[in-house]
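Heads up: the structure comes next, in structure tokens.
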């Protein structure tokens, strides 16, 4: 085995009830020679997530398991992992995802960055993990992502072919996080990655992106990230408000943050209306809407949008591409304006 380098990578895996997927994630990290530490935080699992992770340990001494007695959320788990590790570079890996072999060889070849991310391949649940040979070979086409480009890339637009830049999983320099006292906000269970990266960019982080694909994301219909609560949306737009109030931001960055805040707040108002309708009936929901006139445009637009989406979903697709590989970034795609 190739010995880890002095500027090794700590891979952080926050996991809850991930016994069926954690082994693939840990194996993919162990096979990377640049990885000097892997910290799995079992976040109050009711299954044997920790035991499953230990089951694929290669004996190199790189794997560490931290068990939490109760679920504290991904932000708390990641902060704990970072606190008990020491490698100068930090890489987040979700418990049902995996690294493409050779990922860090490509990522760490360049310089001049505080954060660096690569392309993501989305793999449908049940499909075998693609080999390195199956992954499309994109030219690196490196570019620096600024605050406005990053935030704008996290605003979904119906009908637009735009990837969610917040899905990117950058390698982060520990020295930058420590110098600016940056940690994950532990009151957030949705968008915690987006918030950390936005705050880092506001502090002047050099965030580089390359098109080479090194991260595999498993697409599951029942993922925890797809079942966020209404209050999670509130925490996310409040994080935007906090950043806008605390930082001396460039005009374009501030404008993008305000737009993102409005985008998420509109989703929150719609979800709150739907919660009232579900719990107390349509009449109560209408009363709630009339008592909150500032939310009416978001509610009306959101309901209409949901109806249109349901109509489209009822129609048979033109072609089925189940099992095909899809990529977050396409050649030539650059989010900077």
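The values are calculated or read from the model by the stated rules, or taken from the named source; none is laboratory data. Source: prediction; values computed, not measured. Positions of Cβ are generated from backbone atoms using ideal geometry, with glycine treated the same way; all protein chains shown enter the neighbour counts.
Only one of these is under 22 Å from residue 172 (Cβ atoms) and over 21 Å from the mean Cα position of the chain (by Cα): 29, 87, 25, 52. Name it.
Values: 29 fails: over 21 Å from the mean Cα position of the chain (by Cα); 25 fails: over 21 Å from the mean Cα position of the chain (by Cα); 52 fails: under 22 Å from residue 172 (Cβ atoms).
Among 29, 87, 25, 52, only 87 is under 22 Å from residue 172 (Cβ atoms) and over 21 Å from the mean Cα position of the chain (by Cα).
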Test: residue in the range 37-55 that is free of Cβ contacts under 8 Å to residues at least 40 places away in the same chain, part of a loop (DSSP other than H, G, I, E, B) and either in contact with a helix residue (DSSP H, G or I) (Cβ under 8 Å, 6 or more places away or on another chain) or closer than 21 Å to residue 123 by Cβ (or both): yes
Does the range 216-225 contain any residue that is within 23 Å of residue 188 (Cβ to Cβ), at pLDDT below 95 and in a helix (DSSP H, G or I)? yes
The one condition residue 88 fails out of (1) within 22 Å of residue 49 (Cβ to Cβ); (2) touching a helix residue (DSSP H, G or I) at 6+ places or on another chain (Cβ under 7 Å); (3) assigned by TED's automatic domain parsing to the domain that holds residue 22 is (1)
Which of the residues belonging to the range 160-208 are surrounded by fewer than 16 Cβ atoms within 10 Å (Cβ to Cβ) and in contact with a strand residue (DSSP E or B) (Cβ under 7 Å, 6 or more places away or on another chain)? 174
Scanning the range 272-285 for residues that are surrounded by 19 or more Cβ atoms within 10 Å (Cβ to Cβ) and touching a residue at least 40 places away in the same chain (Cβ under 8 Å) gives 272
